[in-house]
1. For the residue pair V237 and E24, what label-to-label distance in nm results when each label sits 7 Å from Cα along the Cα-to-beta-carbon direction?
2. Using a Gaussian network model of the chain whose springs link C-alpha atoms within less than 10 Å, name the residue from C141, C58, C82 with the highest mean-square fluctuation.
3. In whole Å, how far is the Cα centre of the range 65-143 from that of the range 220-260?
4. For the range 49-131, what log10 I(q)/I(0) values come out of the Debye formula at q = 0.19, 0.20, 0.21 1/Å, with one point per alpha carbon and no solvent?
5. When you take every Cα atom in the chain, what is the radius of gyration, and what is Dmax, the widest Cα pair distance, in Å?
6. So if each residue of separation counts as 0.36 nm, and I subtract the Cα-Cα distance between K194 and Y246, what length gain in nm does that give?
7. Which FRET efficiency value, to the nearest 0.05, do you get for A107 and L133 by plugging their Cβ-Cβ distance into 1/(1 + (r/R0)^6) with R0 = 22 Å?
8. Just rank M178, M217, fewest to most, by other beta-carbon atoms within 10 angstrom.
Amino acid sequence: MTANILDGKRVSKHVLDEIKGSVEAYKKSTGKVPGLAVVLVGDNPASQFYVASKKRACESLGIASFEYTFPESISEEALIDCINALNTDENVHGILVQLPLPKHINADQILELIHPEKDVDGFHPMNVGRLLLGLDTYRSCTPYGVCKLLDFYHIDTTGKHVVIIGRSNIVGKPLAAMLVQPGYDATVTLCHSKSNDMKTLVKTADIIVAAVGKPHMVTKDMVKAGAVVIDVGINRVNNGSNEKGYTIVGDVDYENVSESASAITPVPGGVGVMTIAMLMSNTLQSFERTLKKIVA
């Protein structure tokens, strides 16, 4: 069996093309465009890379990008002042605080300060609660991207057993909440470090989602023939033969698992690129909600 490749680049391009068309139409009809503010604290290279990627995405779509960069030594009070100002800025429809934050800053408090209507990351407790209840809300971008991939490739989840490996607030928990809702109707098992006999649990899955941050954790002997495998992991592994000195791999042993899976996401080029696409989608959604309020 040769697995069908679930191409995140292809799907993200489809999503972004639709967003770009909408932004251009809104600019022509209203003179306004969506605005995304990204707050970066410190000089973490990975965070700087992600922020730059988001800025480029905004520019390519015609979305206004506002970048706020602060030194790691910024006080919590100063960061709070920044968030409060963005909450009232009419040109800003989405606010994203790049994690992680320095240890002297309470990240949970900062995320809760973001107005729920501008929480395009889907991390605010109010939006997480609405997600669990199946109400209209912003969906966390990475699990939202997983669902968009499943939708695009017409992968039926109804009655299927989905095993999610990893219970993070960013991926595992919100994805479980999404997939049990009407429309997806999956039976979900959420595995984590304390799960007993995880290998046996994963082996029963029709759809596997790996999101733990451990290179090649999911091996061929854990995957039943014909399963769909979604790899959320992005791991840097030392590789002396590569000019960069490292290789990016997922949580799944792609080469071997793809021999028995019916469909699989590559790393890179799978779920990762979908995350930014869904962030842009949430930002457009926030902008559209603002326009509806103006009309009302």
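1. Calculated label separation equals 4.2 nm.
2. Taking springs between Cα atoms under 10 Å, the residue moving most is C82.
3. 32 Å
4. -0.93, -1.03, -1.12
5. Rg and Dmax of the chain, Cα atoms, are 19.6, 61 Å.
6. Gain on stretching K194 to Y246: 15.7 nm.
7. Step by step, r from the Cβ atoms, then E = 0.35.
8. M217, M178
Readers should treat all values here as calculations from the given coordinates under stated rules, not as data from a laboratory. Since the structure is predicted, the reported quantities are computational estimates derived from the model, not experimental observations. Cβ coordinates were reconstructed from backbone atoms using ideal geometry, including for glycine residues, and neighbour counts include every protein chain displayed.
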